[in-house]
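Single-structure report; data block below.
The values are calculated or read from the model by the stated rules, or taken from the named source; none is laboratory data. Computed from a predicted structure; not experimentally measured. Quick reminder, even Gly has a Cβ in these numbers, built from the backbone with ideal geometry, and neighbours come from all protein chains shown. What goes into the accessible areas is simple: the full protein's heavy atoms, side chains included, and nothing from ligands, DNA or RNA. Shrake-Rupley method; radii C 1.70, N 1.55, O 1.52, S 1.80 Å.
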Amino acid sequence: MVRFKHRYLLCEVVSDDPRCRLSLDDRVLGGLVRDTIVRVHGTFGAAACSIGFAVRYLNAYTGIALLRCRKEFYQLVWSALPFITYLENKGHRYPCFLNTLHVGGTIRTCQKFLIQYNRRQLLILLQNCTDEEEREAIQKSVTRSCLLEEESGEEDLSDGGGEDAAEAME
């Protein structure tokens with residue numbers, strides 16, 4: 001049995017209108033990408049990318065989407081993304097574009113990249129703060145999320161390792 005290899009495209013939906021992100025739906029985004037592939041690459045592109053193409057993850061609040069496609073044809077999907085200029089949902093048309101952040105072979109590599117990307121964006125946001133109150137609110141938010149990460153890491157160690165894991169930590 002042959003395993004089919006995939007590529008994952010981590011994309012960000014960029015729009016000035018906040019309603020654009022909130023109206024995101026995985027079926028709408030998948031259909032929009034498929035229609036754009038047909039428009040740019042024709043029937044060959046549509047046939048090549050239709051097998052194995054899926055929207056694997058979509059966060060409407062952050063505008064992050066994870067698209068999966070076959071390894072042989074990921075460049076067709078990638079090259080069609082800049083031609084998406086609007087998002088149409090429920091009779092409304094919102095101007096937007098897709099920014100490709102990362103192309104990876106596994107979901108895990110895309111997740112690792114997304115964590116690093118979000119940390120960089122938080123640092124940029126922190127540097128661009130105008131007053132001290134904003135800066136303190138962002139710092140509290142970051143430290144709270146870091147503490148939650150550490151607590152979840154400690155729970156993982158206590159569940160699976162026992163005394164060996166505790167000795168390894170010391």
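Size of the range 55-107 from its Cα atoms: along the principal axes, largest to smallest, the extents are 35, 22, 17 Å. For the range 1-144, the solvent-accessible area works out to 65 Å² per residue, with a probe of 1.4 Å and every protein chain left in place. Between the alpha-carbon centres of the range 1-59 and the range 69-118 there is a gap of 7 Å.
Quick one: which of 4-17, 114-127 comes out on top by average Cβ neighbours within 10 Å, and what's the full order, highest first?
Values: 4-17: 17.1, 114-127: 12.4.
Ranked by mean Cβ neighbours within 10 Å, highest first: 4-17, 114-127.
Over the range 32-108, what percent of the accessible surface lies on carbon and sulfur atoms, probe 1.4 Å? Mind dumping the intermediate values first?
Values: 2450 of 4360 Å².
Here carbon and sulfur together make up 56 percent of the probe-accessible area.
Computed over the Cα atoms of the range 1-124, pair by distinct pair, the Kirkwood hydrodynamic radius stands at 14.9 angstrom.
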